[in-house]
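Below: the structure, in structure tokens.
The values are calculated or read from the model by the stated rules, or taken from the named source; none is laboratory data. Computed from a predicted structure; not experimentally measured. With ideal geometry, Cβ positions are generated from the backbone for all residues, glycine too; neighbour counts draw on all protein chains shown. Accessible surface is based on the protein model in full, side chains and every heavy atom, while ligands, DNA and RNA are left aside. Shrake-Rupley method; radii C 1.70, N 1.55, O 1.52, S 1.80 Å.
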Amino acid sequence: MGQIAWKALCLSLFDYKTEKYVIAKNKKVGILYRTVQLSIMAYIVGWVFVVKKGYQDTDTSLQSSVITKVKGVAFTNTSELGERLWDVADYVIPPQGESVFFVMTNLIVTPNQRQSTCPESPGIPDALCYHDSDCPEGKAVIAGNGVKTGRCLKTGGNRSGTCEIFAWCPVEKKGRPRKLLLANAENFTIYIKNSIRFPRFKFSKTNVLDTDDNSYLKNCRYGPEHLYCPIFSLGSLVRWAGSDFQEMASEGGVIGIQIEWDCNLDKDASKCNPHYHFSRLDNRFAAKSISSGYNFRFAKYYRDSSDVDFRTLIKAYGIRFDVMVNGKAGKFNIIPTIINIGSGLALMGAGAFFCDLVLLYLLRKSNFYRGKKYEEVRSSIRKSLPETTVNGNQSCNSLSRLDQMRQLEAVET
């Protein structure tokens with residue numbers, strides 16, 4: 001008996017098993033099945049292959065370099081500085097042409113500062129005092145300009161005064177100029193050269209037109225007709241970012257310049273074009289917020305004939321530009337194509353499984369469909385068969401023992 005079982009097991013390894021399909025004449029389930037199929041096909045063809053280009057291999061490891069250069073001059077005439085001409089060496093910080101740079105448009109100048117003692121600014125809370133004891137010697141003024149000397153300086157008959165400090169004196173003036181000093185900055189031009197490379201496909205390109213005309217960059221301005229002209233006017237950048245130049249130049253701000261490369265390398269390289277997006281990044285919506293705008297301080301140092309250092313302190317207001325580059329490239333590859341097609345076929349199977357659930361469990365005749373879909377087969381039958389005899393002899397309708405065994409073997413297989 002054991003040998004027969006092992007023999008049957010070995011022979012079953014060479015059996016081929018196929019599925020049994022049941023055609024259900026149910027219009028509701030049929031319509032649902034076709035709807036699911038069409039939806040999956042539309043998703044695969046429309047979204048996966050057309051929109052997302054699922055047949056392509058993509059490279060998002062963009063290598064990029066940005067070179068910037070500003071041009072323009074401005075003339076000012078102030079009581080602190082007199083008549084002065086401002087060029088790029090004066091108002092562009094830093095001057096190296098990096099992807100983040102600052103263009104100064106307004107400033108507060110405190111000239112001829114020397115290290116000595118003077119009253120602290122009255123607008124600083126920690127500098128207010130009534131007695132000398134309120135100004136402990138050697139203690140730095142919180143959010144102030146120097147170190148307290150131990151004296152409380154009062155003017156007139158006021159009961160309160162400000163602490164005397166050792167600092168760069170006189171201290172900085174408060175309040176912005178009412179008139180924009182570098183008003184001509186709106187006409188300054190910014191040159192932004194961006195070179196990119198997708199290492200996986202060994203593809204490189206720049207946002208500058210490949211031409212032998214030396215005068216092209218001197219005369220062109222970026223626009224719909226000159227997509228490969230990297231020259232932008234400062235006033236246009238501010239307007240494209242949705243701001244007013246006079247307001248932003250007076251208080252300062254931050255503008256983001258995003259260069260996006262979306263390249264389909266199955267097409268010609270000329271179709272891979274840069275797309276620019278401009279946005280204001282500082283807190284422009286809170287007009288009365290103390291955090292709005294952008295400014296910082298720097299100083300220029302000198303030495304007089306007595307070998308004593310002095311400086312000119314400048315609080316600079318202006319526009320900071322952040323140039324950001326991102327992108328991706330795609331090219332046909334058989335591997336992602338096969339993977340996405342296989343995923344689509346798997347979704348087709350999931351659709352059929354969903355329709356089976358509806359057919360077998362959610363319809364009124366679900367018991368009937370289950371009976372047709374699943375067939376119960378018993379593993380053994382009774383080996384005793386009825387026998388009838390006529391006049392003590394076996395009936396002519398009875399089966400022989402050999403026929404019974406053959407029938408049993410046929411049913412078991």
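When only C-alpha pairs under 8 Å and at least 6 residues apart count, what is the relative contact order of the chain, in percent?
On the way: 680 pairs, mean separation 77.7, N = 413.
Result for the chain is 19 percent.
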Handout entry: Accessible surface, per residue, of the chain when the full set of protein chains is kept, probe 1.4 Å, Å²
Key = 66
Exercise for the section: Please give, to one decimal in nm, the separation of the simple spin-label points placed at Ile23 and His275, each 7 Å out from Cα toward the Cβ. Expected result: 5.0
Problem - Residues with amide H under 5 Å from that of Gly146, placed H, sequence gap 5 or more - result: Val141
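So which trypsin sites (Lys or Arg not before Pro) in segment 43-138 end up in coil per DSSP with only 13 or fewer other C-beta atoms within 10 Å? All intermediate terms of the calculation are to be shown ahead of the outcome.
On the way: sites: Lys52, Lys53, Lys69, Lys71, Arg84, Arg114; in loops: Lys52, Lys53.
Here the sparse-neighbourhood loop sites are Lys52.
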Exercise for the section: Return, for the Cα atoms of segment 77-141, the radius of gyration and Dmax in Å, separated by a comma. Expected result: 18.7, 52
Practice task
Enter the accessible area of Asp87 (Å², nearest 10), with the probe set to 1.4 Å and all protein chains included.
Solution key: 70
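On a full-extension model of 0.36 nm per residue, what is the gain between Gln96 and Tyr374, subtracting their alpha-carbon distance, rounded to one decimal in nm? Walk me through the intermediate numbers first.
On the way: separation 278, 0.36 × 278 = 100.08 nm, distance 7.83 nm.
So the chain would gain 92.2 nm between Gln96 and Tyr374.
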Problem - Principal axes of segment 197-259: Cα extent on each, largest first, Å - result: 44, 32, 17
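More than 26 Å apart: what percent of Cα pairs in the chain qualify?
Counting pairs separated by more than 26 Å, the tail of P(r) holds 75 percent.
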Practice task
Convert each backbone phi in segment 346-351 into a coupling constant with the Karplus relation 6.51 cos²θ - 1.76 cosθ + 1.60 (shift: θ = phi - 60°), then list the ³J(HN,Hα) values in order as whole Hz, x for Gly and Pro.
Solution key: 5, 5, 4, x, 5, x
Exercise for the section: State the dimensionless ratio Rg/Rh of segment 144-266 (Rg: radius of gyration of Cα atoms; Rh: Kirkwood radius). Expected result: 1.27
Exercise for the section: Could you work out which residue, out of Tyr222, Tyr361, Tyr55, moves most in a Gaussian network model of the chain, that is, has the largest mean-square fluctuation with Cα springs under 10 Å? Expected result: Tyr361
Practice task
Determine the share of the chain's accessible area contributed by carbon and sulfur atoms, expressed in whole percent, with a 1.4 angstrom probe.
Solution key: 55
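Peptides 243-251, 127-135: what's the order by average Cβ count within 10 Å, highest mean first?
Details: 243-251: 18.6, 127-135: 16.8.
Listed from highest to lowest mean packing, they are 243-251, 127-135.
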Handout entry: Distance histogram for segment 1-54 (every C-alpha pair counted, 5 angstrom bins, percent rounded to whole numbers)
Key = 4, 15, 10, 9, 9, 9, 9, 10, 9, 8, 6, 3, 1
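Would you calculate, for the chain, the mean residue ellipticity at 222 nm contributed by helices, counting each DSSP H stretch of 4 or more residues as -39,500 (n - 2.57) and dividing by all residues, to the nearest 500? Could you put the intermediate results ahead of the total?
On the way: 9 runs with 93 residues, N = 413.
So the helix-based figure for the chain works out to -6500 deg cm²/dmol.
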Exercise for the section: Pop out the Kirkwood hydrodynamic radius of segment 7-95 from its pairwise C-alpha distances, inverse of mean 1/r, in Å to one decimal. Expected result: 22.5
Practice task
Calculate the radius of gyration of the Cα atoms of segment 214-354 to one decimal place, then report Dmax, the largest Cα-Cα distance, as a whole number, both in Å.
Solution key: 25.5, 95
Problem - Three semi-axes of the equivalent ellipsoid, segment 44-114, Cα gyration tensor, whole Å, largest first - result: 51, 13, 11
